[in-house]
């Protein structure tokens, strides 16, 4: 009779591990898995000390038991041998895991949860090793397939490695208690930052815009800065990057139109007393070189990385660069200048469809990395002779799904660029002033306006109505330099 019972128990218990296609056992630590399962059912606080997901367990039966444990925990129910058995019975999985007898065996194998963190670390490492083996096999299979583009193989490799290295193997869903808990923790963290005097978002450099955006740029928003030619899109991007970098937020600036030398020269030329003409023509004076050194010392402190190579314009390289920096913990904001330069190496019926694909992929990337992405975009030129109107969402060139994918759409507009004597509704001149129109703001008011001011050559941008302080050590000996500024070609 005893032998028959033993056979019955064996047939219903988890199946033994088997060799893979290479004739080797996959990395696994099934005995430690059993100790972990026994510990979480033995001590109620044990589950809080480990960070495992069901897929980290090698045996399917162990995965189902651990899933039952998590369901009880997330429902705020006690976790022990009896509640887990009852939970598995309700889900119809009790026989699949080996029956109540196997559950009782698990709790008898461990006397306490004293070493559960160490055991969980080993199980997690085995799980990662199995995923690496699976990933390598998939990459090899794709690389041998002539129908698969190499860029897709690289994309898959980057994505898979990013998932594995960040342990992003969680379930695709969360129940209400878990979702609510994450939300409360987020709100508490925002409150803590505010009380500590920290920024709750990534500052834009404009106080009025920060207020409009509820504290600045927030993850995982996709922000479109759409403008007609000469509206200052790139200068706004530079200004936003500097504000983020100065506040300690690591920023990746993908410059698909300009080189990093051009961008740095633009930043240096913000310093009054430095002539862009002299910079371009090798005629800088000693005084100007002194100002450049001061400006460089300021710029070197900014947490900004610039990517300007030809390869950077391909979507898979954009995502690859972002993931690499994110794995290193060095990416809080990404700025791309600009959308219409991005290529995919894929075939689409129209450019409109390709643009829609790009924006949807960037939206997904921001969510994956939990960062805001600022994407500059060109607006359609109005028909020749037509009066320039306020920018609208319909003006986005090759709009496709841009409006749908974007969380925020901002249109910089400078009325005096089109009409020299333009005035606002309060009879104030628009000279050296402009408007940021909120074409879309998913978490704010649409059609809101943010006013800004700028200098004569649009080198600097600041809040309207504010007299800014610039650290410009221009002395009486620089009059001849300053006089040349009006002769420089604008950016």
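The values are calculated or read from the model by the stated rules, or taken from the named source; none is laboratory data. Just so it is clear, the structure is predicted and the values come from calculations on it, not from any experiment. Cβ placement follows ideal geometry from the backbone for every residue including glycine, while neighbour counts extend to all protein chains displayed.
Does region 317-351 hold any residues that are at positive phi and out of contact with any helix residue (DSSP H, G or I) (no Cβ under 7 Å at 6 or more places or on another chain), and which are they?
Selection gives 329 alone.
Could you figure out which of (1) touching a residue at least 12 places away in the same chain (Cβ under 8 Å); (2) loosely packed, with under 14 Cβ neighbours inside 10 Å isn't true of residue 123?
Residue 123 satisfies every listed condition except (2).
Any chance region 412-432 includes a residue that's within 20 Å of residue 362 (Cβ to Cβ) and outside any strand (DSSP E or B)?
Looking through region 412-432, none of the residues is within 20 Å of residue 362 (Cβ to Cβ) and outside any strand (DSSP E or B).
Matching residues to (1) at pLDDT 85 or above; (2) within 30 Å of residue 283 (Cβ to Cβ); (3) in the same structural domain as residue 276 (by TED's automatic domain parsing):
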| position | (1), (2), (3) |
| --- | --- |
| 415 | yes, no, yes |
| 428 | yes, no, yes |
| 444 | no, no, yes |
| 449 | yes, no, yes |
| 473 | no, yes, yes |
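(1) touching a helix residue (DSSP H, G or I) at 6+ places or on another chain (Cβ under 7 Å); (2) modelled with pLDDT of 90 or more: which one isn't true of residue 13, the others all being true?
(2)
Residue under question is residue 369, and the condition is that it be under 26 Å from residue 457 (Cα atoms), in the same structural domain as residue 308 (by TED's automatic domain parsing) and in contact with a helix residue (DSSP H, G or I) (Cβ under 6 Å, 6 or more places away or on another chain); does it hold?
no
For the list (1) outside any helix (DSSP H, G or I); (2) over 27 Å from the mean Cα position of the chain (by Cα); (3) surrounded by fewer than 20 Cβ atoms within 10 Å (Cβ to Cβ), I need the number of the one condition that residue 447 fails.
(2)
When you go through (1) within 28 Å of residue 307 (Cα to Cα); (2) in contact with a helix residue (DSSP H, G or I) (Cβ under 7 Å, 6 or more places away or on another chain); (3) crowded, with 17+ Cβ neighbours inside 10 Å one by one for residue 430, which number turns out not to apply?
Every condition holds for residue 430 apart from (1).
Please report, ordered by residue number, the helices (runs of 4 or more DSSP H) entirely within region 194-269 with at least 1 residues that are closer than 21 Å to residue 444 by Cβ, touching a helix residue (DSSP H, G or I) at 6+ places or on another chain (Cβ under 9 Å) and outside the structural domain of residue 356 (by TED's automatic domain parsing).
none
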